[in-house]
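The values are calculated or read from the model by the stated rules, or taken from the named source; none is laboratory data. Only a predicted model underlies this, so the values are computations on that prediction, with no experimental measurement involved. Here Cβ is always computed from backbone atoms with ideal geometry, including for glycine, and neighbour counts include all displayed protein chains. The accessibility values were calculated without ligands, DNA or RNA, using every heavy atom of the protein model including side chains. Shrake-Rupley method; radii C 1.70, N 1.55, O 1.52, S 1.80 Å.
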Amino acid sequence: MRKSFIYLLFSFLSIASTHAQSMKKMAQKTEFESRLAKEAQTVESIESDFTQVKYLDVFDEKVTSKGKFYYQKNNKICMEYFRPMDYLIVINGSKLKIVSDGKKSIMNLSSNKMMAQMQDMLTACMIGDLSKMSSNYLLEYFEDARYYLVKIKPTNKAVQAYIAGIEIYLDKKDMSVHKLRLSETATNYTEYEFYNKKFNSLKNETKFAIR
């Protein structure tokens with residue numbers, strides 16, 4: 001049952017990109033980490049639109065979805081998919097809720113150590129707060145004129161079974177996540193692009209209710 005939840009979550013939440021190839025190694029890593037940590041402390045909430053592109057080599061096609069992303073301190077994430085179908089993912093503390101085809105599933109993440117680690121990883125990636133990344137991940141840093149790029153590889157074999165690597169593009173203007181790519185294998189990936197971002201605008205926790 002828990003494995004099916006992991007697959008379900010990462011099938012919706014999961015470049016070796018030509019853009020990444022044009023980037024250079026980050027020159028001032030300490031300055032970057034300091035600024036990122038400072039910006040993360042000022043963020044109480046995030047609202048944005050997102051586009052998700054999922055590629056599965058077995059079908060040799062890309063599936064595009066659109067929705068709304070919400071984040072609120074601490075550890076509250078909501079992703080509402082509107083196209084091509086309605087789908088909802090909510091993480092609130094140690095609980096996960098998934099609603100698909102009108103069917104609701106709820107699980108306790110703290111009851112599974114690996115799921116708890118993945119929750120921290122997912123939160124870190126979605127909001128760009130790399131302080132949440134544990135020693136189970138190897139990080140590399142790159143940049144160009146507009147973006148910082150952090151490449152993340154899991155070193156834990158249990159995590160490697162579900163995700164091969166992560167790429168986070170951070171906008172240099174405000175250190176927010178511009179693009180996120182989760183690679184399940186060398187060829188299968190899920191890529192998100194976030195836009196129309198609003199910060200510290202959420203006034204209640206309704207979006208994150210789990211019941």
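Annotations
- In the stretch 70-83, the residues that are over 13 Å from residue 202 (Cβ atoms) and modelled with pLDDT of 90 or more form Cβ pairs under 9 Å with partners that are assigned to a loop (DSSP other than H, G, I, E, B) and not aromatic (Phe, Trp, Tyr), at six or more places apart or across chains, as follows: 79/13; 80/86.
Let's see how each residue does on (1) modelled with pLDDT under 90; (2) of a type outside the set (Ser, Thr, Tyr); (3) open to solvent by 30 Å² or more (accessible area, probe 1.4 Å):
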{"residue": "134", "(1), (2), (3)": "yes, no, yes"}
{"residue": "137", "(1), (2), (3)": "yes, no, no"}
{"residue": "141", "(1), (2), (3)": "no, no, no"}
{"residue": "150", "(1), (2), (3)": "no, yes, no"}
{"residue": "171", "(1), (2), (3)": "no, yes, no"}
{"residue": "176", "(1), (2), (3)": "no, no, no"}
{"residue": "193", "(1), (2), (3)": "no, yes, yes"}
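- Within the stretch 36-47, residues that are closer than 17 Å to residue 147 by Cα reach partners that are surrounded by 13 or more Cβ atoms within 10 Å (Cβ to Cβ) with beta carbons closer than 6 Å, at six or more positions or on different chains, in the pairs 36/175; 39/175; 40/129.
- Residue within the stretch 118-128 that is more than 17 Å from residue 194 (Cα to Cα) and in a strand (DSSP E or B) present: no
- As a summary of the residue check, residue 91 satisfies the conditions (1) more than 27 Å from residue 23 (Cα to Cα); (2) open to solvent by 60 Å² or more (accessible area, probe 1.4 Å) except for the one numbered (2).
- The residues on offer are 58, 99, 63, and the sole one that is part of a strand (DSSP E or B), out of contact with any Cys (no Cβ under 6 Å at 6 or more places or on another chain) and within 23 Å of residue 167 (Cβ to Cβ) is 63.
- Checked against the criterion of being modelled with pLDDT under 85 and open to solvent by less than 20 Å² (accessible area, probe 1.4 Å), the candidates 109, 130 yield just one match: 109.
- When the stretch 32-81 is limited to residues that are of a type in the set (Ser, Thr, Tyr) and exposed (fewer than 13 other Cβ atoms within 10 Å of the Cβ), the one that is nearest to the chain's Cα centre (by Cα) turns out to be 64.
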